Amino acid sequence: MLSVFSSSAVRYLVTQQFCKMPTTRSSASAGASGESHEAPVAPPKRRRKQIKIEYPSDDKPVVKVENGVPSGIKGSKAKGKQVGATVKAEPGTFEIKQEIKEEYEGEIDSKGDASKSADPVKSEYWQEEEKPSKWEPPHWREVLANIREMRKNTYAPVDDMGCDKNSNDDATPEVRRFHVLISLMLSSQTKDQVTHAAVERLIEHSGCTVDSLLLMDNDTLGKLIYPVGFWRRKVQYIKQTCEILKKDYNGDIPNTIKDLCKLPGVGPKMAHLAMNCGWGIVTGIGVDTHVHRISNWLPWVQKPTKEPEQTRLALEAWLPRELWSEVNHLLVGFGQSICRPVGPHCSECLNKELCKVGRATMRGEKKKKKSD
Ligand code: SF4
């Protein structure tokens, strides 16, 4: 029954389903396809029809449905109103959204419009066609709301010492982006407080620009960033990165994940955060050790993950994109303050009944109390 349509137009196919309708009105129907071989009877003013919404498969469809009525059907822009006709809708007459595929049984008036009483029903046909529904963690919205609530009144170092919290008010946008990148490069295996202090020393010393770091000797650079983790290696990475930025990017930082990841010492986590904090473009979830751990503890990943990069992909598979930017900051702060790597405060956590580790911890505490 599905036909292939061009990608530029979405079409509604309106077909008669008289015999199939399990209602008293079906007595008014004339049979499948709407053909009548009986003696003519007065046609009903309103006839029950089935509307099938179809769309080209490569369009990441579909049609927005409100109050049980597909929004393109009632719209005045819909063309072709007769029973059995193919109703074309102009592209853009309705909102395109993913994952809404429904079939409707309901009243169609003589103009071919669907009434507001139309009830969406999923037919066997559509059930066969539908992809398996996307996995998402149970109660994740509630868990997220609880984390937001807990973070409201709890301080975490990331709140004022994150990669975009350097004292560079007067800096140009290019220099601010460079500070974000340097902050991220220094941050691996290093606490936020230590990273932040190192960047502040660099800014205070000579502005922390590509040119100033290129002019700086390695010993001075090392002393300024010490004691960040792996500071000797980071001196090399920063120097090499500054040369590339000067030569290929006119002193700015790259604006793609691919090019950012080509810089020495820059991996996907840093690249996604640099895109978000430096350029204001959300390309992916920045997964650090806190996001990785908490995602596995709740769990917010379908299967346990070993590497942050696996966690990033697992989270991005279900978490709505509009939350990608927020979730990094939220979980990092949550991990620094409440859901700590050692000794998480499960008994105070609003998610203790919704979290796998929290439930196990609370069971253990109950047993301990009983045995005492
Ligand atoms: S219950 Fe414990 S492990 Fe779970 S989110 Fe809360 S603090 Fe973290």
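Laboratory data are not the source of any read-out in this text; all were calculated from the coordinates shown. Keep in mind that what you see is a predicted model, and the values were worked out from it rather than measured. Here Cβ is always computed from backbone atoms with ideal geometry, including for glycine, and neighbour counts include all displayed protein chains.
Quick notes on this one:
- Residues TRP318, TRP279, TRP135, TRP297 arranged by fewest to most Cβ contacts within 10 Å: TRP135, TRP318, TRP279, TRP297
- Under 5 Å between amide hydrogens, built in the peptide plane, is the criterion, and for ASN166 it picks out nothing among residues at least 5 positions away or on other chains.
- For the residue pairs LYS239/LYS306; LYS191/LYS234; LYS306/LYS368; LYS165/LYS262; LYS191/LYS356; LYS223/LYS247, alpha carbon separations beyond 21 Å are given by LYS239/LYS306; LYS306/LYS368; LYS165/LYS262; LYS191/LYS356; LYS223/LYS247.
- Three-way shape call for region 306-355 based on the alpha-carbon gyration tensor, with the a/c threshold at 1.5: prolate
- Three-way shape call for region 193-297 based on the alpha-carbon gyration tensor, with the a/c threshold at 1.5: oblate
- Residues TYR237, TYR155, TYR226, ranked from the fewest to the most other C-beta atoms within 10 Å, line up as TYR155, TYR226, TYR237.
- Shape of region 207-261 from the C-alpha gyration tensor: oblate (a/c of 1.5 or more and a/b not above b/c, with a ≥ b ≥ c the square roots of its eigenvalues).
- Burial ordering of ILE338, ILE182, fewest other beta-carbon atoms within 10 Å first: ILE338, ILE182
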